[in-house]
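The structure under discussion appears below in the form of structure tokens.
No lab work stands behind these numbers, since they all come straight from the coordinates. Small disclaimer: the values here were computed from a predicted structure and weren't measured. Positions of Cβ are backbone-derived with ideal geometry, glycine not excepted, and every protein chain shown enters the neighbour counts.
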Amino acid sequence: MRLPLLRRLAGCGLIAISVLSPAVEAASAVELAPLLITSPRSSERWLNTPAAVSVVQASAVPGEQSLALDSLLVRVPGVFSQNRYNLAQGLRPAIRGFGARGTFGVRGLRVLVDGAPLTMPDGQTELDGLDLGLVERIEVLRGPAAVLYGNAAGGVLAITTREPPSEPYSLFDLSAGGLGYQRARSEIGGSQGNLGGLLAFNHSSLEGYREHGRGETNNLTGKLRWYGAAGRLGLNFNAIDNRAEDPGGLTAAEVDADRRQSARNNLRFNADEQITQQRLALVWDGYAGGADEYQLRSYLGQREFANRLGFTTAGQTTFTREFAGLGGQYSHHRELFGLAHRVTGGFDLEAQQDDRRRYDNLLGARGPLRLQQDETALSQGLFVEDQISLTDNWQATLGGRYDQVRLAVDDFYMADGRDDSGSRNLADWNYSAGLSYRLTPRQSAYARLASSFETPTVNELANPQGGGFNSALQPAQAFSRELGLKGEWPALRYELALYQIDLDDELLAFSLPAQPGRNFYRNAGESRRQGLELSLDWQFAESWRWSAAYAYNRYHFRQYRTAQADYSGQRVPGIPSQTFSSELAYERAGGYVRVGVNALSGFYVNDGNSVSVPGYAVVNLRLGKRLLFAQQSLEPYLGIDNLLDREYFDNVRSNDGNARYFEPGPGRTLYAGLSLLF
């Protein structure tokens, strides 16, 4: 299917949703428990869900710089993020190891914003289109979730952004700090009758800790909401214009000589990237007969990308990407054989097309064309899940899904004397089964089995020998076993999870000495991930709150051989075996002080486990005060990152062909801001 056809289909879907949805009859509202999660694609109380799901509220972390999403994700056990400060590569979160392989952006995870996928049809996600100042809530589903979300769902980030308010408001936020950081945000919103709207603009710039590390982002976001008796119609629009320099990775000797320098070739060849993107999403959340509910969603967009890497031959890449998708699900409540069932079924249809070209990089200038090809990805999936109330205390969840993913290349560059056109058709069945038991009214235990699969993204299928696909690269498959314990009181919430994940053909990145900055991928035959996760959130006094998250893991290769070596028994690189986050917060009369520590153990940076980075602990401080004047609010705030000025690495490039593994992080960094709401 050619993408223009799918774009027209998505456009028809946008119109159909907006016209037909209000005709459905409304259902009476149901009062739900205090903590409700929706990432399993149907609303459920957190305590009853047989899965590891964490919820992070942005209101619980006031005074943040909003430079990257890691300030919220660090509170979730089993989540490890890198690359906060290199805007050219973007934040790289990993959940239970899924996503760690990528050297830029998000891999192995599905990301949704207000119900619509942010993840591309081939499984890759870029967070550069997200205005962090609008984020209000994140649900983190940890572990394989392919049954509900399909390809590349080793975990899920379901992000909810601010809704248009009932009363008109305006917000202005100005902040600045070390590393040449500056940010200006403005936001307006309000409602009239059943229609609400919101418009936000964010501009930020960062000189960076290292030489050649400047970045600038411009983000425009608009939201419209229509509320009717039959449901809610939501339209989201986002446009970005970003530019960022890439300082590259350093060798150990270069780090010792000068932590703030950039890689020599990145400077010589002016390594950087430029991105513009426009994205439109329309979501209808509707109520049907009785307690039934459903969702219809559609999105489309275009992305323009250009970068320069630190070498000559084919060292510049450009592509124009068009992407679109349709999806929906319906949840039906009924009684069968004396048991209450909630059956959710749905579909996903997504596609993208990239017009990709590569040119020589002549010390920053564009040289001759070296590659021209169209790359397409078409993803189709059907799923069903049944949540069964066995008794008052027992609940079971069963689900299955079928996916087809087609990846294709049309080669238009014939100067090399060959046609590298080709296609890959990948299909897979996945399932999950969960059982939850209510130990007491406020505690429950659960067990879960789940499978998932992950195809290489279009970019990851790049052939190290030239154009076309790397035909040797296979999708990864995972099977997870998990046991958990949860507890929830008005002032206390805790969670414990134990898991084991067996993977076949895990995807790993590597680079070649002649092409620094460009990554290729290979499969590790068999690997195993075992881990423990603990989290605690305790409001132990009226003004005091303590939260903590700890994770321990052992990720290792069981069978993994290349032409050069046998890595069986070695640890998987790029992931620390222990992570710990804790914060003590005090808030009273609008004032707040938060002191947090983020710590992790050392970890290896290559498959052979011959090079490692040391562990570290970073202490951060946040303080601020909300001042009320009639209908206006003024909030000055101050933050200090790395309060004790520790040395650490912000990012690690695993299996780098030139041993340029390390990207040092900054020392003590201060920022301050002022927010005005009226």
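Can you give me the convex hull volume of the Cα atoms of the stretch 488-626, divided per residue and expressed in Å³? Walk me through the numbers before you get to the answer.
Working: hull volume 20.0 nm³, N = 139.
Considering the Cα atoms of the stretch 488-626, their hull volume per residue is 144 Å³.
Take the alpha-carbon centre of the stretch 283-320, take the same for the stretch 232-267, and report the distance between them in whole Å.
21
Using only the Cα atoms of the stretch 472-519, what are the Rg and Dmax in Å?
19.5, 58
P(r) for the stretch 496-549: what percent of alpha-carbon pairs falls in each 10 Å bin, starting at zero?
Reading upward from the zero bin: 18, 23, 21, 20, 14, 4.
Give the Rg (one decimal place) followed by the Dmax (whole number) of the stretch 232-373, computed from C-alpha coordinates and expressed in Å.
Cα-based Rg and Dmax for the stretch 232-373 come out at 24.0, 73 Å.
How many percent of all Cα-Cα pairs in the stretch 354-440 sit more than 23 Å apart? Let's see the in-between values first.
Numbers: 2122 of 3741 pairs.
The answer is 57 percent, as a whole percent.
If you place +1 on the Cβ of every Lys and Arg and -1 on the Cβ of every Asp and Glu, how big does the dipole about the Cα centre of the chain come out, in debye to the nearest 20? Mind showing how you got there, number by number?
Values: 67 positive and 74 negative charges, 122 e Å.
Using only the charged Cβ atoms, the result is roughly 580 debye.
Computed over the Cα atoms, what is the radius of gyration of the stretch 300-353 divided by 2.2 N^0.38 Å, N being its residue count? Display every interim value, and only then the final one.
Details: Rg = 22.3 Å, N = 54, 2.2 N^0.38 = 10.0 Å.
After normalising by residue count via 2.2 N^0.38 Å, the value is 2.23.
What is the sum of charges around ALA476, taking Lys and Arg as +1, Asp and Glu as -1, for the other residues whose C-beta is under 10 Å from the C-beta of ALA476? Intermediate results must be reported in sequence, preceding the final value.
Numbers: positive: ARG101; negative: GLU454, ASP504, ASP505, GLU506.
Net of charged neighbours comes to -3.
LEU496: net charge of surrounding residues, Cβ under 14 Å, Lys/Arg +1, Asp/Glu -1, itself excluded? Don't skip to the answer; put the middle values down first.
On the way: positive: ARG142, ARG448, LYS486, ARG493; negative: GLU482, GLU488, GLU495, GLU533, ASP537.
With Lys, Arg at +1 and Asp, Glu at -1, the neighbours total -1.
Say each of HIS341 and ALA491 gets a label point 7 Å from the Cα, pointing the same way as Cα to Cβ; how far apart are those two points in nm?
In this crude spin-label approximation the distance works out to 4.4 nm.
May I ask you to compute the full-extension gain from SER582 to LEU369, defined as 0.36 nm times their residue separation minus their alpha-carbon distance, rounded to one decimal in nm? The partial results should precede the final answer.
Details: separation 213, 0.36 × 213 = 76.68 nm, distance 5.13 nm.
Roughly 71.6 nm would be gained on extension.
Given q = 0.15, 0.20, 0.23, 0.27 Å⁻¹, what are the Debye log10 I(q)/I(0) values for the stretch 102-165, with equal point scatterers placed on the Cα positions and solvent ignored?
Relative scattering, expressed as log10 I(q)/I(0), comes to -0.44, -0.75, -0.96, -1.23.
Treat the count of other C-beta atoms within 10 Å as a stand-in for reagent exposure and order LEU473, LEU224 from fewest to most. Show your work: numbers first, answer last.
Details: LEU473 20, LEU224 16.
Fewest-to-most ranking of LEU473, LEU224: LEU224, LEU473.
Assuming a viscosity of 1.567 mPa s and a temperature of 4 °C, what translational diffusion coefficient in µm² per second does Stokes-Einstein assign to the stretch 184-238, Rh being the Kirkwood radius over Cα pairs?
Working: Rh = 13.5 Å.
Answer from the Stokes-Einstein relation: 96 µm²/s.
For the chain, state the average projected area of the convex hull of the C-alpha atoms over all orientations, rounded to one decimal in nm².
Numbers: hull surface 112.3 nm².
About 28.1 nm², averaged over all directions.
Can you give the alpha-carbon Rg of the stretch 372-527 over 2.2 N^0.38 Å, where N counts its residues?
1.45
Calculate the tail of P(r) for the stretch 49-191: the fraction of all Cα-Cα distances greater than 25 Å, expressed in %. Show your work: numbers first, answer last.
Numbers: 2918 of 10153 pairs.
In whole percent, the share of Cα-Cα pairs in the stretch 49-191 beyond 25 Å is 29.
Report D for the stretch 144-246 in µm² per second (integer): Stokes-Einstein, Kirkwood Rh on Cα pairs, 37 °C, 0.692 mPa s.
Numbers: Rh = 16.6 Å.
Translational diffusion coefficient: 198 µm²/s.
Fewest Cβ neighbours within 10 Å first, please rank GLU64, GLU304 accordingly.
Numbers: GLU64 20, GLU304 14.
Exposure proxy ranking, most exposed first: GLU304, GLU64.
Given the convex hull over the Cα atoms of the stretch 618-672, what projected area results after averaging over all orientations, in nm²? Could you put the intermediate results ahead of the total?
Numbers: hull surface 21.4 nm².
Averaging across all directions leaves 5.4 nm² for the Cα convex hull.
What translational D, rounded to a whole number of µm²/s, comes out for the stretch 549-678 from Stokes-Einstein when the hydrodynamic radius is the Kirkwood one over Cα pairs, at 4 °C and 1.567 mPa s?
73
Over the stretch 245-316, consider all pairs of different Cα atoms and compute the Kirkwood hydrodynamic radius from their mean reciprocal separation; express it in Å, one decimal. All intermediate terms of the calculation are to be shown ahead of the outcome.
On the way: mean 1/r = 0.0610 Å⁻¹.
This gives a value of 16.4 Å.
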